[in-house]
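Inspection log for the structure reproduced underneath, given as structure tokens.
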Amino acid sequence: MTKLSLFLGCIVPNRYPGIEKATKLCLQKLEVDACDLPGASCCPAPGVFKSFDKATWLAVASRNIILSERMGRDILTVCNGCYGSLADANMELKKDPEIRACTNNCLKEIGMEFKGTIEVRHIIEFLYKEFGSEKLKDQITRPLDLKVALHYGCHLIKPSKDRNLGETECPTFFDELVEATGAKSLDYTDKMMCCGAGGGVRSGHVAASLEMLEHKLACIRRAGVDCIVNACPFCHLQFDRGQLAVNEKFGTDYSIPVLHYSQLLGLALGFSPDELGIEQNAIQNIEFLAKIYEISAGLR
Amino acid sequence: MLSCMHCGTCTGSCPSGRHTGFNTRRILRDARKNRTEVLSDDNLWLCTTCYTCQERCPRGIPITDALLELRRLAVREGFILPEHRKVSEMVLECGHAVPLDEETKKKREELGLEPIPETVQKYPEALKELKTLLKTCKFDKLTAGK
């Protein structure tokens, strides 16, 4: 199987280390050859850097890619934003010799050269293509009796011309991976809608960002789920910490638990909630924690 | 862009436009005649880059990509939101848009992870390299403001 380096980005190691731990535990259990990527930086954040200056965006992204090229490993991301930045940059640099020459000219200053020898993978796309839901199901030791609102996030599947993961109005591949854990992925209104964080909106226009989030949360609550599952730490942060901000702004009382897919899979592979950092979330839903501890102890 | 028939699918699909005055179709139309006005408008930064408009455009216009291009022009003219300037400064200073804090260090240790992750934050040489690269791209000058 493909050899990988784990690209952490910013939010995973610096805000939600539970996702880092859960990802490492899952990859180990699934016997995926993945190592750290020492010295990697911000991907760089697509919302700001890609919106600011293309040359800088390509230069910083390519530096991260080259670190993995030197190890002869494909990059694995657990974030839609990092995936968007790194995969898009990798693609542009591979196909356009002019852009590549320009970027390599900047990279010369630090003794680096983009060679275009590796691929950029996202954990969901990787698990779906390399394992598939059936093979993953065979690994599950604790089937999860949970109802889930799945949030794909935007940059995992869009722009579809560059992603090759099928159509974007109602994709199913991620739902299949969720259901492989035993959980049920419930449909809800505006499931494919953005969480409201991307493109620099969460930092630049907080009020608008929270209004979009509140709409998503209202739709999710109506579906009656145990938790939200995502594949992007920025969506994760928006849903988790953003929920508290929404409650403050709109006088609501949302308390919907939020899990990254690595954490959901980790539970189904037999790891306990505290090993996966689930309790480190801003949203503390005691009922949900009790439920997943029971599942983890084999009591449900 | 000239093939746009102003059907409004982009605006109607926009999650941001649903809650704000953000009007994708109008921005792209106005960018052809009143460019300075469009570039200086803070609303240009209400797009979450979700790509729904681009996916749904019946004429196949790369709308989100065009909007990103407008933003890059805006930045070159010095139009940057103060919050975005701060994010850029963070990357220039420590290599991350969201830097490590004491609370997360503790959380990392609780999980049995090293308190400082395997990124530029742990390797001063790597951070120096990144800073040189950003300087070569003149990113510091671009975001310094006028």
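Only the coordinates and a few stated rules stand behind these numbers; no lab work does. Predicted, not measured: the structure shown is a model, and the values here were computed from it. Note that we place each Cβ from the backbone using ideal geometry, even for glycine, and neighbour counts take in every protein chain shown.
Does A:D53 fit the bill of being at the interface with chain B (Cβ under 8 Å from one of its Cβ atoms), surrounded by fewer than 24 Cβ atoms within 10 Å (Cβ to Cβ) and over 19 Å from A:L107 (Cβ atoms)?
Spelling it out, it is not the case that A:D53 is at the interface with chain B (Cβ under 8 Å from one of its Cβ atoms), surrounded by fewer than 24 Cβ atoms within 10 Å (Cβ to Cβ) and over 19 Å from A:L107 (Cβ atoms).
Do you know which residues across the range A:31-66 are of a type in the set (A, V, I, L, M) and not in a helix (DSSP H, G or I)?
A:V32, A:A34, A:L37, A:A40, A:A45
Out of B:E93, B:E109, B:E118, B:E103, report the one residue that is at the interface with another protein chain (Cβ under 7 Å from one of its Cβ atoms) and out of contact with any His (no Cβ under 6 Å at 6 or more places or on another chain).
B:E118
Here is a check on your reading of the model: is A:G182 outside any helix (DSSP H, G or I) and surrounded by fewer than 24 Cβ atoms within 10 Å (Cβ to Cβ)?
When the stated conditions are applied, A:G182 passes them.
Just give me the residues in the range A:24-45 being closer than 24 Å to B:M90 by Cβ and in contact (Cβ under 8 Å) with a residue 24 or more places away in the chain, in sequence order.
A:D36, A:L37, A:P38, A:G39, A:A40, A:C42, A:C43, A:P44, A:A45
Starting from residues that are surrounded by fewer than 17 Cβ atoms within 10 Å (Cβ to Cβ) and within 17 Å of B:R29 (Cβ to Cβ), keep the ones in the range B:67-82 and report whichever is farthest from the other protein chains (Cβ to nearest Cβ).
Result: B:L73.
Among residues belonging to the range B:23-52 that are at the interface with another protein chain (Cβ under 8 Å from one of its Cβ atoms) and hydrophobic (A, V, I, L, M, F, W, C), point out the one that is surrounded by the most Cβ atoms within 10 Å (Cβ to Cβ).
B:C47
Does at least one position in the range B:10-18 carry a residue that is within 18 Å of the chain's Cα centre (by Cα), surrounded by 18 or more Cβ atoms within 10 Å (Cβ to Cβ) and more than 8 Å from chain A (Cβ to nearest Cβ)?
Checked the range B:10-18: at least one residue is within 18 Å of the chain's Cα centre (by Cα), surrounded by 18 or more Cβ atoms within 10 Å (Cβ to Cβ) and more than 8 Å from chain A (Cβ to nearest Cβ).
Need at least 3 residues that are farther than 20 Å from A:G204 by Cα per element, so show me which helices (runs of 4 or more DSSP H) inside the range B:1-110 make the cut, counting only ones lying wholly within it.
Answer list for the range B:1-110: B:9-13, B:24-33, B:52-56, B:102-110.
Of the conditions (1) surrounded by fewer than 21 Cβ atoms within 10 Å (Cβ to Cβ); (2) touching a Leu at 6+ places or on another chain (Cβ under 7 Å), A:Q263 satisfies every one except a single condition; which number is it?
Here A:Q263 meets the rest and fails (1).
Within the range A:66-89, is even one residue buried (at least 24 other Cβ atoms within 10 Å of the Cβ), farther than 19 Å from A:H155 by Cβ and within 14 Å of chain B (Cβ to nearest Cβ)?
Within the range A:66-89 (the criterion being buried (at least 24 other Cβ atoms within 10 Å of the Cβ), farther than 19 Å from A:H155 by Cβ and within 14 Å of chain B (Cβ to nearest Cβ)), the answer is yes, since at least one residue qualifies.
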